[in-house]
1. Condition first: modelled with pLDDT of 95 or more, part of a helix (DSSP H, G or I), touching a helix residue (DSSP H, G or I) at 6+ places or on another chain (Cβ under 9 Å) and more than 16 Å from residue 249 (Cβ to Cβ). Can you find one or more residues in segment 284-301 that meet it?
2. If a residue has to be closer than 9 Å to residue 301 by Cα and surrounded by fewer than 21 Cβ atoms within 10 Å (Cβ to Cβ) to count, how many in segment 352-375 make the cut?
3. Pairs, please: C-beta under 7 Å, at least 6 apart or cross-chain, first residue on the phi > 0 side of the Ramachandran plot and in segment 233-260, second modelled with pLDDT of 95 or more and surrounded by 14 or more Cβ atoms within 10 Å (Cβ to Cβ)?
4. Among all residue pairs at least 6 apart or on different chains, which show Cβ distances below 7 Å where the first residue, located in segment 314-339, is at negative phi and the second is exposed (fewer than 12 other Cβ atoms within 10 Å of the Cβ) and in a loop (DSSP other than H, G, I, E, B)?
5. More than 30 Å from residue 211 (Cβ to Cβ) and either under 28 Å from the mean Cα position of the chain (by Cα) or not in a loop (DSSP other than H, G, I, E, B) (or both): is that true of residue 278 in this structure?
6. Tell me which helices (runs of 4 or more DSSP H) are completely within segment 157-251 and hold 2 or more residues being in contact with a helix residue (DSSP H, G or I) (Cβ under 8 Å, 6 or more places away or on another chain), buried (at least 18 other Cβ atoms within 10 Å of the Cβ) and at pLDDT 80 or above, or say none if there are none.
């Protein structure tokens, strides 16, 4: 089923796999609203009949082409029901199901009771149950290449809404699959599956659905933020100044600095020397008056804002921050106002930014991912 969510993912897949030739082909069936319910089910039935024909046409026309199925809402219902037909050997139309390399099911009413009820805007389990809303069958987990059910850390069906729900429409689980960072994670999983890539980064302390999980994995996938040798990410640990330098330096492509960092506590053999020296050359930091950089010191949220703002070229923003603890005469007002304008931060529910608090690794990952890909 084509639509905003599917179209957005198709674009993200093309961006994530620049070496792949990608062509989008909508499944020809008459999508229908849920009411009248009999009309909805009849539409699903027609989609099921059209699915194996469409896959077969692609297989015969382009014999070296893999097929990625992407469906949203009723389209996802059609695809998931089609997978069940494959399992029961009732695919029909000539079996080309082995050409299916990945499947993305967005907001399928077959996933869980929550999805089914949200889909139909009712608290009546009977209506959702008529669609078969239930936990995903074990055979799908075991036997398909569906991104959200393949056993990857980020791919658990129960957490699909957490991954893709946009903050502005978080109350509407079914209609809010628009988060660009989560969509990028999806796209890269699909491309890795098709192209034989390494798969998603994995951290033992970043489970699916955790706050900032998509942002953390996106930055880890980009090689910007790395974990620890024990397999953890340590999301709530404070970011050090040397780590912040490394993050920004990696985002810039790890350019070679033209000279030494110039700080007493950052000799040329320091493990973060090149990143810190690059920051100095880019006027992102001046260090402290005593000639030190203090690489192991924690970075505050206001300092993180300043680093990112300077890396962006110090753009001017006239709008207020909206934070009670960042008045107009705050020394970091421009940087924090820019972060708000770019939607890199929303602060806390009490309308504070808490500028003097240490920035955590998960928050820094979120800032960087939103700056790179939108929030």
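1. yes
2. Qualifying residue count, segment 352-375: 5.
3. These pairs meet every condition: 234/361.
4. Short answer, once both residue conditions are applied: 320/328; 337/319.
5. Here the answer is yes, as residue 278 does meet what is asked.
6. 213-221, 241-251
The values are calculated or read from the model by the stated rules, or taken from the named source; none is laboratory data. All values derive from a computational prediction rather than experimental measurement. Positions of Cβ are backbone-derived with ideal geometry, glycine not excepted, and every protein chain shown enters the neighbour counts.
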